[in-house]
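See structure below.
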Amino acid sequence: MAPASLDLPEASFSTIALHADDPRDHGRGSVPVAPDLQLSTTYRTPHPDSEAGQRLRELGEEGLDWEDPVAHIYSRYTSETRARAEKVLSGIMAGHALTYASGLAAAYAAVLHYAPAVIAIRKGYHGVHSSIDVFLRTHPNTRLIDIDDEYPADLQPSSLTTGTGTDTGRSASGGLLVWLETPLNPTGEARDIAHYAQRAHAAGAGAHLVVDSTFAPLQRALDHGADMAMHSGTKYFGGHSDLLVGVLAVREKAAWVSLWHDRTYVGATPGNLESWLLLRSLRTLEVRWQRQSATATKLAAWLRSLAVSTTPPTELSTADEDRALLESRIVERVWHASLQPRRDKDPSATPREVEGGPDFDPSEQLRHGWPACFAFRLSKPAIAYKLPHETKYFASATSLGGVESLLEYRRASDPTEDPALIRLSIGLESFEDLQADLRAAMKKFI
Ligand SMILES: *Cc1c(COP(=O)(O)O)cnc(C)c1O
């Protein structure tokens, strides 16, 4: 038996990550402390006379609670390790979480779930746009608009033949889907979730807000008004650059069941090995994130001190070491949510470049940590192209969220990107080592 439930205050992220999936039956012998790795795709059917067998017969597949099943049957439906990882993610995201084979499998599932007539979106992760293009192949009448356009309020969503939206948890199709990515790839700037939630919900019951929260693993977009939160768990949840996984979380159990149904029959379930790696990685999520976020914020401030010549040298920029870099103007601009509202007043910036608008203060939305992935622009595209190959600790690679720091010439992954832009993903090396590495590499170009 588990100990009687104690009256404890709301658990912290780390406590949730370590205990949300504790086995219920502590009284049984030989319960491992660390989750064991189960790779089986299939499970022995319980004997019909056993308790589980009887429950299964009574409930039938239709009546089973797939979020917390009496018994696992087949791993495309549910598996022990994946269910545990999803329990932890549900706690971290403060909703009902479901995992997918990749971030884009989750993004596609979100779009399919709402099957919207209109999608409001701007920029952000390029792959999500390609996923939407795939969706448009089967829904050629779906229109794309900009996230700041006026939202259509006259949409008449139609219920699906399987029942009404409330019965099935599936939103009636044909409504509006507002797709917000925040913090935004590749700049790490934040957009105001509550603002877009309010705008979406003012457009009627058929309008929903999905937030791609990949860049802020502890953001809890549902608490800020999103209807669904999406993460590429490949990034911070996985955190070690060794697994692909996607996550969606919703407030309502019925919506979770509908998503689970689609995942099962599209077959976008992540593997057992990935689920185990994910669960293992989630245990350390909060400490990894706190360190990565703090180091990134310091680096962003230091880089900015090199970009803005009017700023007196701060304690981050030891004047002597950095004077040559400052005078060379090799760093032209730095983006990071902690530098919002934009204080450098870049005269070349159009209002659209100020994500979230100059009035939005993202510190409350990001109270669990500023982004650990952000971008800066160098004075010349040729320097941006080469710099990632001149560092010792930063590896030149795409992706983000892992324990090793990465630099990416972003144009290589997204041809529409600024050719002088470099994206940084900050890992667990010390601030001093990463600062010295960037400083030495940049000095080669001045
Ligand atoms: C990486 C990423 C995705 C896609 O995730 P995968 O796990 O690579 O499929 C989606 N959105 C953002 C913001 C990302 O960084």
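Values as computed for the structure displayed
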{"item": "Under 28 Å from the Cα of Lys444 - lysines, other chains or at least 8 residues apart", "result": "Lys298, Lys380, Lys386, Lys392"}
{"item": "Within the chain, helix-based [θ] at 222 nm, where runs of 4 or more DSSP H residues each add -39,500 (n - 2.57), nearest 500", "result": "-10500 deg cm²/dmol"}
{"item": "Between 0 and 90°, nearest 10: helix 80-93 axis offset from the chain longest Cα axis", "result": "50 degrees"}
{"item": "GNM flexibility winner over the chain from Arg191, Arg220, Arg55 (Cα, springs under 10 Å)", "result": "Arg55"}
{"item": "Theoretical FRET efficiency, 1/(1+(r/R0)^6), r = Cβ-Cβ of Arg28 and Ile446, R0 51 Å, to 0.05", "result": "0.20"}
{"item": "Alpha-carbon centroid distance for the pair the stretch 68-118 / the stretch 414-446, whole angstrom", "result": "35 Å"}
{"item": "Positive-end residue of Val70, Leu176, Gly53, charge dipole of the chain with Cβ unit charges", "result": "Leu176"}
{"item": "Virtual spin-label span in nm between Tyr385 and Glu404, 7 Å along Cα→Cβ", "result": "2.5 nm"}
{"item": "Cα centre as origin, Lys/Arg/Asp/Glu Cβ charges: the stretch 171-288 dipole, Debye", "result": "200 debye"}
{"item": "DSSP-defined antiparallel bridges as percent of all bridges, the stretch 161-306, nearest 5", "result": "35 percent"}
{"item": "The chain - share of DSSP beta bridges that are antiparallel (%, nearest 5)", "result": "60 percent"}
{"item": "Farthest toward positive dipole pole in the chain [+1 Lys/Arg, -1 Asp/Glu at C-beta], among Ser213, Thr269, Trp302", "result": "Trp302"}
{"item": "Table column - 3J(HN,Hα) (Hz), the stretch 185-201, Karplus curve with 6.51, -1.76, 1.60, x for Gly and Pro", "result": "7, x, 8, x, 7, 9, 10, 7, 4, 4, 4, 6, 5, 5, 5, 5, 6"}
{"item": "Electrostatic dipole magnitude of the stretch 171-226 [Cβ: Lys, Arg +1; Asp, Glu -1; Cα centre; debye, to 20]", "result": "120 debye"}
{"item": "Dipole-positive endmost among Ala106, Thr138, His195 within the stretch 82-281 (Cβ charges, Cα centre)", "result": "Ala106"}
{"item": "Nearest 10 degrees, 0 to 90: helix 431-443 Cα axis against the chain principal axis", "result": "50 degrees"}
{"item": "Within the chain: Cβ-based charge dipole about Cα centre, in debye rounded to nearest 20 (Lys, Arg +1; Asp, Glu -1)", "result": "960 debye"}
{"item": "Cα→Cβ-extended label distance, 7 Å offset, between Asp242 and Ser14, nm", "result": "2.2 nm"}
{"item": "Folded to 0 to 90 degrees: helix 51-63 orientation relative to the chain principal axis, Cα", "result": "70 degrees"}
{"item": "Residues Tyr74, Tyr125, sorted so that the one with the fewest Cβ neighbours within 10 Å comes first", "result": "Tyr74, Tyr125"}
{"item": "Top of Ile121, Ile73, Ile16 by mean-square fluctuation, Gaussian network on the chain, Cα under 10 Å", "result": "Ile73"}
{"item": "Highest-fluctuation residue, Ala197, Ala324, Ala301 considered, GNM on the chain with Cα pairs under 10 Å", "result": "Ala324"}
{"item": "Ranked Ile132, Ile193, Ile145, criterion: other C-beta atoms within 10 Å, fewest first", "result": "Ile145, Ile132, Ile193"}
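Just so you know, all these numbers are worked out from the coordinates, no wet-lab data involved. The shown structure was predicted, so the numbers you read here are calculated from the model rather than taken from an experiment. Positions of Cβ are backbone-derived with ideal geometry, glycine not excepted, and every protein chain shown enters the neighbour counts.
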